[in-house]
Amino acid sequence: MEIVDTKEGYLFKIFGNKTFAVQEGNDSVAFCPYCYSQINFSDDKCPCCNKNIPELIYFHGDDQTWIATGNE
């Protein structure tokens, strides 16, 4: 599990078994949910920050953070 920072104008969206960041109103382009570099939906790992694309990103209400899980 890892905390993920949110970036204004982006949402997290599941495609297959991975969760990517996408721009609001345009889910045809994938971005790494960690560094927000543009990547391909087929990528398992971000070529920029070298982190694995997570299976799920969820909001943890206790401390108001987004948590990434899976694909460690």
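In the chain, carbon and sulfur make up what percent of the accessible area (probe 1.4 Å)?
The computed percentage sits at 46.
What residues qualify as long-range amide H neighbours of Asp27, i.e. H under 5 Å apart, gap of 5 or more or another chain, H built at 1.01 Å from N?
none
Would you mind computing the Rg to Rh ratio of the chain from its alpha-carbon coordinates, Kirkwood style for Rh?
Ratio of gyration radius to Kirkwood radius: 0.93.
What's the FRET efficiency of Phe41 with Gln64 using the Cβ-Cβ distance as r and R₀ = 25 Å, to the nearest 0.05?
Given R0 = 25 Å and the Cβ-Cβ separation, E is 0.30.
Counting heavy atoms of the protein chains only and a 1.4 Å probe, report the per residue accessible area for the chain as a whole number of Å².
Accessible surface, normalised per residue, equals 62 Å².
Got a number for the accessible area of Asp5? Probe 1.4 Å, square angstrom, nearest 10.
110 Å²
The values are calculated or read from the model by the stated rules, or taken from the named source; none is laboratory data. Treat the numbers as computed from the prediction; the structure is a model and nothing was measured. Ideal geometry is used to build each Cβ from the backbone, glycine not excepted, and the neighbour counts take in all protein chains shown. Note: areas computed on protein heavy atoms with side chains; ligands, DNA, RNA excluded. Shrake-Rupley method; radii C 1.70, N 1.55, O 1.52, S 1.80 Å.
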